[in-house]
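Structure first, commentary second.
The values are calculated or read from the model by the stated rules, or taken from the named source; none is laboratory data. Fair warning: this is a prediction, and the values are worked out from it, not measured in the lab. Because the Cβ atoms are built from the backbone with ideal geometry, glycine has one as well, and the counts that use them run over all protein chains shown. In case anyone asks, the SASA skips ligands and DNA or RNA and just uses the protein heavy atoms, side chains included. Shrake-Rupley method; radii C 1.70, N 1.55, O 1.52, S 1.80 Å.
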Amino acid sequence: MAVIGHWVASFLLCYLVPQASVTLLCKMAMMSDFTCGFLLLAKVEGVAVFPWYLSTPPAAANATIQYWKESGQWLPGVDETASQGFLGFAALFPMYLDIPYSHSVIGMAIVGLLVAIITWLRYGIGFAYAMAIFLSAISHPILDMFFHDAYVLAGNRAVSRVTVNFWQIYYMEPVAFLLECFLAYGGYRLWWSTRKARADEATVTKIAYYKRMFWTIAMSHNMASFYIVSPLAIFTMYKYFPAQQFATNDCYWGYAVFAFTMWSWTMALYPLHQLQQLTTLATEDVAGPAVTQQGNGRQHLAALAGSFCRLRPMKPTARFPEPKSDSPSPKDGRV
């Protein structure tokens with residue numbers, strides 16, 4: 001899993017916990033890649049490229065492999081080199097990975113727990129909402145175990161590594177692309193079934209606009225940058241500029257490109273946030289602005305109060321004439 005496919009877990013959790021912010025949960029599902037960008041720039045994590053169209057890995061990649069072997073971060077029989085007859089990785093993701101912090105279950109569990117506690121202290125969210133935040137965070141490395149190297153524990157790429165290596169199957173790129181789109185769209189439809197919008201024309205127009213913006217960014221930027229631009233960039237660099245040793249520890253500007261690309265994927269969440277703001281839960285019956293915020297009930301009460309204040313006051317009804325009294329009155333001169 002790379003880009004939009006990770007949102008399937010967040011959409012599912014929003015379906016189960018409707019009061020949760022879909023934007024926040026999707027951010028948590030992307031937290032592994034977001035964190036990875038910082039760790040790449042700090043050189044705490046790294047990669048070593050060896051695409052199938054090179055006869056041997058670049059010198060910087062060989063140096064990294066040698067370091068892993070000397071420091072106990074190499075798994076013989078799992079990790080292979082050109083000297084063992086390994087012909088390189090498939091075109092989609094041609095790299096040895098060293099990402100045992102950002103893509104470890106325990107690492108993301110710590111991040112998810114911290115965010116859940118902070119959100120609880122700040123907004124008074126319930127237990128179900130907090131669990132949704134936590135599960136969204138750890139969903140990324142768990143899903144990645146099917147596609148590429150991911151870890152249970154943090155700190156050593158050779159310890160607790162789990163992978164099915166789906167990405168390393170040749171000619172699997174189109175299948176992986178369609179699988180991600182299917183997972184993302186299926187989860188999105190599930191979440192959208194819990195939302196409803198006001199029927200006024202302005203709101204309907206805005207919703208259509210932000211829906212189009214969301215899928216345009218998700219497909220033309222998020223997916224294209226990984227499935228098209230990334231493999232083409234690696235091929236171009238080693239075809240025309242091999243001395244740069246792109247996608248290795250010796251090409252720091254390449255790490256910067258990877259980091260800023262992964263950070264930019266969060267742009268797709270802006271229209272998703274707007275969609276949630278323009279809608280409310282399908283089970284709610286609130287006249288006035290859509291309510292989509294935290295589960296402490298303050299926003300719901302504010303919306304109800306606003307709706308009550310906007311009610312037109314009733315016109316005063318005609319008063320009935322007061323009944324005449326038979327008792328004597330000073331004005332009558334009777335005592």
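Observations on the model:
- Among (1) surrounded by fewer than 24 Cβ atoms within 10 Å (Cβ to Cβ); (2) in contact with a Ser or Thr (Cβ under 7 Å, 6 or more places away or on another chain); (3) aliphatic (A, V, I, L, M), the one test that residue 13 misses: (1)
- Test: residue in region 73-90 that is modelled with pLDDT of 90 or more, touching a strand residue (DSSP E or B) at 6+ places or on another chain (Cβ under 9 Å) and more than 25 Å from residue 243 (Cβ to Cβ): yes
- Considering residues of region 227-249 that are farther than 18 Å from residue 168 by Cα and of a type in the set (Phe, Trp, Tyr) only, the residue surrounded by the most Cβ atoms within 10 Å (Cβ to Cβ): 246
- The listed residue being in contact with a Cys (Cβ under 9 Å, 6 or more places away or on another chain) and open to solvent by 40 Å² or more (accessible area, probe 1.4 Å), out of 213, 219, 223: 219
- Residue 184 vs. criteria open to solvent by less than 60 Å² (accessible area, probe 1.4 Å) and either outside any helix (DSSP H, G or I) or farther than 23 Å from residue 228 by Cα (or both): no
- Some residue of region 132-141 being within 18 Å of residue 97 (Cβ to Cβ) and in contact with a helix residue (DSSP H, G or I) (Cβ under 8 Å, 6 or more places away or on another chain): yes
- Hey, residue 206 surrounded by 15 or more Cβ atoms within 10 Å (Cβ to Cβ) and at pLDDT 95 or above or not: yes
- Count of residues meeting criterion [surrounded by 24 or more Cβ atoms within 10 Å (Cβ to Cβ) and in contact (Cβ under 8 Å) with a residue 60 or more places away in the chain] in region 130-143: 7
- When region 61-92 is filtered for residues that are open to solvent by 10 Å² or more (accessible area, probe 1.4 Å), within 15 Å of residue 45 (Cβ to Cβ) and either among the hydrophobic types (A, V, I, L, M, F, W, C) or touching a residue at least 60 places away in the same chain (Cβ under 8 Å) (or both), the ones remaining, listed by number, are 64, 73.
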